[in-house]
There are 2 protein chains.
Amino acid sequence: MPSYRAPVADTLFVLREVLGYDRHSNLPGFSDASPDVLEAILAEGAKLAENVIQPTNRTGDIEGCARHDDASVTTPAAFKEAYGQYCEGGWLGLAAPVEYGGQGLPYTIHSAVTEYMVSANMALMMYPGLTQGAIAALVAHGTDEQKDTWLPRLVEGSWTGTMNLTEPHCGTDLGLLRTKAVPNSDGSYRISGQKIFISAGEHDLSANIVHLVLARIEGAPAGTKGISLFIVPKFLLDANSLPGKRNGVSCGSIEEKMGIHGNATCVMNYDDAIGYLLGEENGGLKAMFTMMNEARLGVGLQGLALSEAAYQAATAYAKERLQGRSLSGPKAPDKPADPIIVHPDIRRNLMTMKAFNEAGRALVLWTALNSDISHRADDEDQRQAAGDYVGLMTPVVKGMLTDKGFEHAVMAQQVFGGHGYIEEHGMSQFVRDARIAMIYEGANGIQALDLVGRKLALDGGRALQAFFKEVGDFCEENRADEEMAPYTKTLKKGLNDLQAATMWLMQNAMAKPDNAGAASTDYLHLFGLVALGYMWGRMVRAAHDKLANGAGDNAAFYEHKLVTGRYFMERAMPETGAHLARISTGADAMMALPAEAF
Amino acid sequence: MPSYRAPVADTLFVLREVLGYDRHSNLPGFSDASPDVLEAILAEGAKLAENVIQPTNRTGDIEGCARHDDASVTTPAAFKEAYGQYCEGGWLGLAAPVEYGGQGLPYTIHSAVTEYMVSANMALMMYPGLTQGAIAALVAHGTDEQKDTWLPRLVEGSWTGTMNLTEPHCGTDLGLLRTKAVPNSDGSYRISGQKIFISAGEHDLSANIVHLVLARIEGAPAGTKGISLFIVPKFLLDANSLPGKRNGVSCGSIEEKMGIHGNATCVMNYDDAIGYLLGEENGGLKAMFTMMNEARLGVGLQGLALSEAAYQAATAYAKERLQGRSLSGPKAPDKPADPIIVHPDIRRNLMTMKAFNEAGRALVLWTALNSDISHRADDEDQRQAAGDYVGLMTPVVKGMLTDKGFEHAVMAQQVFGGHGYIEEHGMSQFVRDARIAMIYEGANGIQALDLVGRKLALDGGRALQAFFKEVGDFCEENRADEEMAPYTKTLKKGLNDLQAATMWLMQNAMAKPDNAGAASTDYLHLFGLVALGYMWGRMVRAAHDKLANGAGDNAAFYEHKLVTGRYFMERAMPETGAHLARISTGADAMMALPAEAF
């Protein structure tokens, strides 16, 4: 069984030495998590993930969820206790508002800790993950009364949340949705319709479930302009705001899925269920996007978390499994064979994952820090610049990190050879679990379209230009530094490719929108490589600085960063040229065939 | 449920118009499969695959195999009937020697038909697939008596075969194997030991199972030089050569795997089981490789077959699923939304799979044709040249086609969005099944090492040089042709990258073997792209010729080839430069970290 260890030292390196976390102590919440407190929180989170959450992962996969004849759903046996400890430790409300029982700490710390928890058990962590989305939507769009009613229980985790968007005939294209809302005289609504793929839709971990449901109020305009968001609790609240009468919502079935078996993915039937409008009438899509952006970052984090967990398992196996001899002569002559970590092609897999995980972690935390700044900074310009960055990077974090997360789960499984294909080693579960992250919260093709079709040109390309300038300036500033030059040279080449691809889009996609669609996935990956390469540039810069100032006993940690960064530049960055070449060919050959030719 | 249609027209195009199948009618077996007969065989095979084999695929995945208390194993309920019809139709013995009941037809036709069968149900087809390997080993290494005893039943499929290599502590590194063989006075041996991951090791489809087992004869040299191959039947034969007394071999357990649930993957325990030496004492590894090379081509074919099946399912869904509107204006204005095939990013997935499948099919059939020529041609030079080609291309076909097969199963699943993650649509099964092909018969990293470390330099690089010359000549011959130039220009660029990578290896891998290991997987993929690109070059050439001579009602078929070939050149070939760049960075950064840094 994989034995996961939370990469606390790496998180601290990124936060303190690369991102300058300590410089933000003026922001609300940050002062409550001083450097010492930060370290203590990460260490506590690591313990919980390693000792309490992780042991539930494999059993959760085996047991899965079960729906019973009375439409109730039970989760794997060990989940209740682990979820309880997670909630009791206050982890769910770590970054939630203090007035509703949260700790008001930075989202950055929440993200750092969530990586550990998801590495330990992704399926279990989806229950609080969906709840985070509901909290975000209520904080942003709820009336004071709604906030008082729903938030305290969600923040403590005694109630959980869900997002209800998808219907059998509509996923991406929400304009098609049919679920109906009929007004009652008391201001509430009666909701009827069917929703599918509802994560945590029904389960036994909480006393109530707060469904956030997209529906169409009778007489509303067609398409996306006629969609509203509703709060639909599983149990209606009584006079004391406690769960009382059962509402008209129930789980029709649970899906048999490839992975995340511990998560109850439900078909939810709404039959005149009482719902309360959240946000404005016909403003449901906008409200839903509040949840969705944060949820997308959370899904990107899942990609990183599974890549890390799978990498650690592969590493342990590669050090232990004896097979063949090193091409450069025996490395363990006293043993019948060398451990397979001596073989370059095994190393290639490990280094690829390692180089990606460390940069991915930096990218996630940088984005989370910007999210904090965008919400908490005093200065409007600073808030805007940070918000620009988060908006631009959200599809990149979601698309790139989940594509890579799956790829690396497969890679880690490959290190195990035939043993990786057998369920008992747990590598198949990583692959099966990681797969969903490429699909939900907007399939990665949709992320790519969001980036190319929406985010690039937003506000006259303000976010994009700021990012180009930041990376370009970094290269320029470090160009003369002999130690940095090999890194910045490759990064600059990647940036040039990205800028050329952007220019190509500006020149070719206006007149022919299919050229944008045809370029989108390559563009997202090209963007992701430059973003990750930039993270490596900054990590290498920080490592050099530390080594120059004397890293003491920790010198090896920093020297390894230099090697891993070099590997990323040499082995990952050459792909930018291939992406640019593909993008530049346009949509012609892609779109030329009639449908019947397929 | 996916509904598979065998691509008979495409097979015929490749065989006749691209590979000039009809020119080989002088070879033994080829004259029995004249153009008309060929077409009839493919049509019959298609019918069986579509109507009989395919319906067992999903149920086989759900039911899986079960081991009972008496160590017997049952396969999914529908398998017996389908396997019976496959054998009755003579499909197992299609290319087997006539004197043992086979039809002696070309291996090329066998390969063409096997693609259809594997697309329809990979797990089921593994039972006859392993039997093919046993037949090949017996034909090559058996005594006349052994051939007479075992081959007729194997060829008719009433008995099946297995390959027993792997032990718990040794997979790739067979030198470590411990299974023992103790000579009996009658010339037979007593075999004892444990083998794992034995496909079709125990099941209920045949009256006997002929295990081919690697073991070490008492007192044999250590390492790979002391390994012999044995025939170990499940039931010993009685005086009438019929299954009699049970031999000392049994299934200890079956593995719970990620996929191919319909295939019984067994732990096999040998306890003084009677075995008969096959081939020479201590010559087991060589004999095993006879099976293995053909098996590796068969596994490459599995990659293609699943890529094709998954592609077809994704195509059907993309034409049917309505979601969103085309970027260039509504294409189905009468419907609530357009079918998703109008979206470029969906097309990108479909075109990528289509362009690969068509070239992969050509590569498989070209390799199979060379295998036939290498065994059947009169002329020694021709046999040698064809054999060179098969040896060189075996790791490429295995490694490239299975990596791509899996990648495309994932891609096809992605087209389904959330529905792809639900087991009922069958897309998850394609992914789970395709995954194993990257691992067994030598993990793809081993294929890459075989290519770089063995095949390149073999016979002074004779095979490699011949391949380079053939592709180079093709580019040269077509360079002046305006219609061909866009294709050959890209192909030539790919060939240049491949030759540069080869040169780099010659200059850098002798002194430092880790540079070869560090390059190997990239080199295999670079090689694969050039090989597939060359197939596209030839297919486009054939299509142009046909169109120039008047293709009549079939013109669309040939015009689509031109588009699909262009797509491959534009979208797949840019990767050759990235591979070369990675290869040229060498092993330094890859190997620099100490094991404890991981």
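Check B:H560 against each of (1) more than 14 Å from every other protein chain (Cβ to nearest Cβ); (2) surrounded by fewer than 20 Cβ atoms within 10 Å (Cβ to Cβ) and name the one condition it does not meet.
(1)
Given the options A:V299, A:V267, A:V249, name the one that is over 28 Å from the mean Cα position of the chain (by Cα), under 18 Å from A:F197 (Cα atoms) and either surrounded by 16 or more Cβ atoms within 10 Å (Cβ to Cβ) or within 14 Å of chain B (Cβ to nearest Cβ) (or both). Lay out the reasoning, then the answer.
Working: A:V299 fails: over 28 Å from the mean Cα position of the chain (by Cα); A:V267 fails: over 28 Å from the mean Cα position of the chain (by Cα).
Answer to the selection: A:V249.
Filter the range A:155-188 down to residues that are more than 14 Å from every other protein chain (Cβ to nearest Cβ) and closer than 30 Å to A:L105 by Cα, then give me how many there are. Please lay out each step first, then the result.
The first filter runs over the range A:155-188 and keeps only residues more than 14 Å from every other protein chain (Cβ to nearest Cβ), leaving A:155-162, A:179-188.
Keeping just the survivors that are closer than 30 Å to A:L105 by Cα gives A:155-162.
Looking only at that region, the number is 8.
Test B:G391 against the criterion of being under 17 Å from B:F430 (Cβ atoms) and away from chain A (no Cβ under 13 Å), and give yes or no. Before you say what the answer is, go through the steps one by one.
Details: under 17 Å from B:F430 (Cβ atoms): no; away from chain A (no Cβ under 13 Å): yes.
Against the criterion (under 17 Å from B:F430 (Cβ atoms) and away from chain A (no Cβ under 13 Å)), B:G391 does not qualify.
Under 27 Å from B:A96 (Cβ atoms), surrounded by fewer than 23 Cβ atoms within 10 Å (Cβ to Cβ) and modelled with pLDDT of 95 or more: is that true of B:T149 in this structure? It would help to see each step written out before you state the result.
Values: under 27 Å from B:A96 (Cβ atoms): yes; surrounded by fewer than 23 Cβ atoms within 10 Å (Cβ to Cβ): yes; modelled with pLDDT of 95 or more: yes.
The answer is yes for B:T149.
One line per residue, one yes/no per condition, for (1) surrounded by 15 or more Cβ atoms within 10 Å (Cβ to Cβ); (2) of a type outside the set (S, T, Y); (3) over 26 Å from B:A123 (Cα atoms); (4) in contact with a strand residue (DSSP E or B) (Cβ under 9 Å, 6 or more places away or on another chain):
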position: B:T224; (1), (2), (3), (4): yes, no, yes, no
position: B:S228; (1), (2), (3), (4): yes, no, yes, yes
position: B:A239; (1), (2), (3), (4): no, yes, yes, no
position: B:G244; (1), (2), (3), (4): no, yes, yes, yes
position: B:T290; (1), (2), (3), (4): yes, no, no, no
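Name the single residue, out of those in the range A:474-508 being small (G, A, S) and free of Cβ contacts under 8 Å to residues at least 12 places away in the same chain, that is surrounded by the most Cβ atoms within 10 Å (Cβ to Cβ).
Looking only at the range A:474-508, we keep the residues that are small (G, A, S), and these are A:480, A:485, A:494, A:500-501.
Remaining after also requiring free of Cβ contacts under 8 Å to residues at least 12 places away in the same chain: A:480, A:485.
Values: A:A480: 9, A:A485: 14.
Among those residues, the one meeting the criterion is A:A485.
So is B:L350 part of a helix (DSSP H, G or I) and away from every other protein chain (no Cβ under 11 Å) or not?
No: the conditions fail for B:L350.
Which one is nearest to B:I340 (Cα to Cα), of the residues in the range A:569-586 that are at the interface with another protein chain (Cβ under 7 Å from one of its Cβ atoms) and under 30 Å from the mean Cα position of the chain (by Cα)?
Here is the first cut: in the range A:569-586, the residues at the interface with another protein chain (Cβ under 7 Å from one of its Cβ atoms) are A:570-571, A:574-575, A:577-578, A:581-582, A:585.
Checking which are under 30 Å from the mean Cα position of the chain (by Cα) leaves us with A:570-571, A:574-575, A:577-578, A:581-582.
On the way: A:E570: 38, A:R571: 35, A:P574: 32, A:E575: 28, A:G577: 29, A:A578: 26, A:A581: 26, A:R582: 22 Å.
Here the answer is A:R582.
Return yes when A:A337 is among the hydrophobic types (A, V, I, L, M, F, W, C) and assigned to a helix (DSSP H, G or I) and no when it is not.
Working: among the hydrophobic types (A, V, I, L, M, F, W, C): yes; assigned to a helix (DSSP H, G or I): no.
So A:A337 fails the test.
Determine if the range A:531-552 includes at least one residue that is within 11 Å of chain B (Cβ to nearest Cβ) and aliphatic (A, V, I, L, M). Working first, answer last.
As a first pass, look at the range A:531-552 and keep what is within 11 Å of chain B (Cβ to nearest Cβ): none.
No - not one qualifying residue is present in the range A:531-552.
Only one of these is within 23 Å of A:Y83 (Cα to Cα), within 14 Å of chain B (Cβ to nearest Cβ) and part of a loop (DSSP other than H, G, I, E, B): A:I260, A:I198. Name it.
Numbers: A:I198 fails: part of a loop (DSSP other than H, G, I, E, B).
Selected residue: A:I260, the only one of A:I260, A:I198 that is within 23 Å of A:Y83 (Cα to Cα), within 14 Å of chain B (Cβ to nearest Cβ) and part of a loop (DSSP other than H, G, I, E, B).
Listed here are the residues, each with its yes/no results for (1) modelled with pLDDT of 95 or more; (2) within 14 Å of chain A (Cβ to nearest Cβ); (3) part of a helix (DSSP H, G or I).
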position	(1), (2), (3)
B:E294	no, no, yes
B:L306	yes, no, yes
B:Y317	yes, yes, yes
B:A332	yes, yes, no
B:I341	yes, yes, yes
B:Q382	yes, no, yes
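Would you confirm whether any residue within the range B:59-69 is within 23 Å of B:A309 (Cβ to Cβ), buried (at least 20 other Cβ atoms within 10 Å of the Cβ) and charged (D, E, K, R)? Give the derivation first.
So in the range B:59-69, the residues within 23 Å of B:A309 (Cβ to Cβ) come out as B:59-65.
Right, trim to buried (at least 20 other Cβ atoms within 10 Å of the Cβ) and you get B:60-61, B:65.
Of the ones still in play, those that are also charged (D, E, K, R) are B:61.
Yes: the range B:59-69 contains one or more residues that are within 23 Å of B:A309 (Cβ to Cβ), buried (at least 20 other Cβ atoms within 10 Å of the Cβ) and charged (D, E, K, R).
I'm trying to understand the selection: among the residues of the range B:143-167, which are farther than 27 Å from B:G84 by Cα and in contact (Cβ under 8 Å) with a residue 60 or more places away in the chain?
Of everything in the range B:143-167, just one residue is farther than 27 Å from B:G84 by Cα and in contact (Cβ under 8 Å) with a residue 60 or more places away in the chain, namely B:L165.
Is there a residue in the range B:103-120 that is farther than 25 Å from B:K398 by Cβ and not acidic (D, E)?
Scanning the range B:103-120, I find at least one residue that is farther than 25 Å from B:K398 by Cβ and not acidic (D, E), so the answer is yes.
When the residues of the range A:199-222 are narrowed to those that are under 19 Å from A:I135 (Cα atoms) and of a type in the set (G, A, S), which ends up farthest from the chain's Cα centre (by Cα)? Full working, then the answer.
Residues of the range A:199-222 under 19 Å from A:I135 (Cα atoms): A:199-203, A:205-214.
So of that shortlist, the ones also of a type in the set (G, A, S) come out as A:199-201, A:206-207.
On the way: A:S199: 15, A:A200: 17, A:G201: 20, A:S206: 24, A:A207: 27 Å.
The extreme case among them is A:A207.
From the set of residues in the range B:365-408 that are free of Cβ contacts under 8 Å to residues at least 24 places away in the same chain and closer than 19 Å to B:K469 by Cα, which is surrounded by the most Cβ atoms within 10 Å (Cβ to Cβ)?
B:N370
Name the single residue, out of those in the range B:154-179 being assigned to a loop (DSSP other than H, G, I, E, B) and not hydroxyl-bearing (S, T, Y), that is modelled with the highest pLDDT. Steps first, answer last, please.
Here is the first cut: in the range B:154-179, the ones assigned to a loop (DSSP other than H, G, I, E, B) are B:157-158, B:165-166, B:168-169, B:171-173, B:177-179.
If we keep only those that are not hydroxyl-bearing (S, T, Y) as well, we get B:157, B:165, B:168-169, B:171, B:173, B:177-178.
Working: B:G157: 98, B:L165: 94, B:P168: 92, B:H169: 91, B:G171: 86, B:D173: 89, B:L177: 94, B:R178: 95.
Here the answer is B:G157.
Could you tell me whether any residue of the range B:446-463 is farther than 30 Å from B:K492 by Cβ and within 14 Å of another protein chain (Cβ to nearest Cβ)?
Filtering the range B:446-463 for residues farther than 30 Å from B:K492 by Cβ gives B:446.
Those left that are additionally within 14 Å of another protein chain (Cβ to nearest Cβ): B:446.
The answer is yes, given that some residue of the range B:446-463 is farther than 30 Å from B:K492 by Cβ and within 14 Å of another protein chain (Cβ to nearest Cβ).
Given the condition more than 9 Å from chain A (Cβ to nearest Cβ), over 25 Å from A:G399 (Cα atoms) and among the acidic types (D, E), answer yes or no: does some residue in the range B:398-414 qualify?
no
So, in the range B:353-376, how many residues would count as being among the basic types (K, R) and away from every other protein chain (no Cβ under 14 Å)?
At the first step, the residues of the range B:353-376 found to be among the basic types (K, R) are B:354, B:361, B:376.
Then keep just the ones that are away from every other protein chain (no Cβ under 14 Å); that gives B:361, B:376.
Count: 2.
State whether one or more residues within the range B:105-114 are in contact with a Pro (Cβ under 8 Å, 6 or more places away or on another chain) and within 18 Å of B:L365 (Cα to Cα).
Restricting attention to the range B:105-114, the residues satisfying the condition of being in contact with a Pro (Cβ under 8 Å, 6 or more places away or on another chain) are none.
Among the residues of the range B:105-114, not one is in contact with a Pro (Cβ under 8 Å, 6 or more places away or on another chain) and within 18 Å of B:L365 (Cα to Cα), which makes the answer no.
The values are calculated or read from the model by the stated rules, or taken from the named source; none is laboratory data. Keep in mind it's a predicted model, so treat the numbers as computed, not measured. Neighbour counts are summed over all protein chains in view; Cβ atoms, including those assigned to glycine, are modelled from backbone coordinates with ideal geometry.
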